[in-house]
1. Can you find, within region 40-81, the residue that is surrounded by the fewest Cβ atoms within 10 Å (Cβ to Cβ) among those that are closer than 19 Å to Lys150 by Cα and more than 14 Å from the ligand (Cβ to nearest atom)?
2. Name the residue, out of Asp84, Asp124, Asp103, that is surrounded by 13 or more Cβ atoms within 10 Å (Cβ to Cβ) and acidic (Asp, Glu).
3. May I ask you to list the residues in region 82-126 that are under 19 Å from Trp64 (Cβ atoms), within 16 Å of the ligand (Cβ to nearest atom) and either free of Cβ contacts under 8 Å to residues at least 12 places away in the same chain or among the charged types (D, E, K, R) (or both)?
4. Take Arg182 and tell me if it is of a type in the set (Lys, Arg), touching a residue at least 12 places away in the same chain (Cβ under 8 Å) and within 19 Å of Gly246 (Cβ to Cβ).
5. Quick check on this structure: which one of Asp19, Asp63 is charged (D, E, K, R) and over 30 Å from Pro158 (Cα atoms)?
6. I need the full set of residues from region 6-52 which are in a loop (DSSP other than H, G, I, E, B) and within 22 Å of Pro94 (Cβ to Cβ), in order please.
7. Out of curiosity, is Gly36 away from the ligand (no atom under 15 Å from the Cβ), touching a residue at least 24 places away in the same chain (Cβ under 8 Å) and exposed (fewer than 14 other Cβ atoms within 10 Å of the Cβ)?
8. Any chance region 87-94 includes a residue that's in a loop (DSSP other than H, G, I, E, B), in contact with a strand residue (DSSP E or B) (Cβ under 7 Å, 6 or more places away or on another chain), loosely packed, with under 15 Cβ neighbours inside 10 Å and among the charged types (D, E, K, R)?
Amino acid sequence: MDLAPPAMLEQRLTESVKDWRSPLAGHVGFRNWTLGPARRRAYCPLCFEEDLAAGRTPYFRMDWIPALVTSCWDHEAPLREWADCDSAGRRRLPKAWLYRTGDMRLATPAFMRADLEAIRQLCDAPPSKDCPSLEVVLSWLRWVQFVAEKRFDAPMPPYLSGRTVEDDLRSDLRFLIELASRHQDRHQEPPLADVACPRQWPEWFGPLPGSARRREWKFSDSGIRQTACLRWRRSYLFFAVRTLVGTKSYGSLIAETSSKFPAWTVWWEELLGRLGPQQRETLEWHQKVSMKSFV
Ligand SMILES: [Zn+2]
């Protein structure tokens, strides 16, 4: 459900659906960026599968709207991207789902079956030798989601006068995401997260999508809200969380033990060698100035 549905739609739903109650009634906001309405393609194939098994038309949850949400709150499975959208970005559902004709499960699109398979393969994968492994990296992203975002109907946390380590982490995380995803339009260098993207897992992480590259935005907030690509969202989150895992302040919070992962400074040094001159200058400046307090 969109956050601003037309009044007529709400009225008609009230008239035609018994005991209908707008899900917006329980909505109490999100803590960080939310995706633009036409960019909300993230979905959980397991939730959709449950909807179908229960005879419901699968629907996109409000909980999948925030940019920092990359896994299902209920199943903890990584979200996937709904592939059937029109040129304006509107999601299309199979007709048999909308009109509930026959066994709705038979109308499951091929890409959704492939998405279900990708999640099953992830669960059945043998332990990997990568360090960190895909499983570990996805668990970091889930952790960040739980700390930095909330479900749509969960109450906003109360404002407390003293700052906690989680408050500091949230603001550092925000800063790192902005740094990682900034698209500098004066030159042709890709954002930092594009270079840092873990390309060994193309099913889950990807570079800045080509459609975004053509845009002329300069500020990352717009870039973050207007990018539907889930694999790119995971990439800038990866840059942010990998940096934080390599700090003494947050490493043990996120990864329980940070000692087995190189310090953020070591990781950034390695990245610097792969960056273009403008991005390298930016990263070096942040390393010396704004990241001084990181240990
Ligand atoms: Zn789910």
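1. For region 40-81, the residue satisfying everything is Arg41.
2. Asp84
3. Asp115 - this is the single residue of region 82-126 that is under 19 Å from Trp64 (Cβ atoms), within 16 Å of the ligand (Cβ to nearest atom) and either free of Cβ contacts under 8 Å to residues at least 12 places away in the same chain or among the charged types (D, E, K, R) (or both).
4. Taking the combined requirement at face value, the residue does not satisfy it.
5. Just one listed residue meets the conditions, Asp19.
6. Once the filter is applied, which keeps residues that are in a loop (DSSP other than H, G, I, E, B) and within 22 Å of Pro94 (Cβ to Cβ), region 6-52 yields Val17, Arg40, Arg41, Cys44.
7. no
8. Yes - at least one qualifying residue is present in region 87-94.
The values are calculated or read from the model by the stated rules, or taken from the named source; none is laboratory data. Given the structure is predicted, the values throughout are model-derived calculations rather than measurements. All Cβ positions, glycine included, derive from the backbone under ideal geometry; neighbour counts span all protein chains shown.
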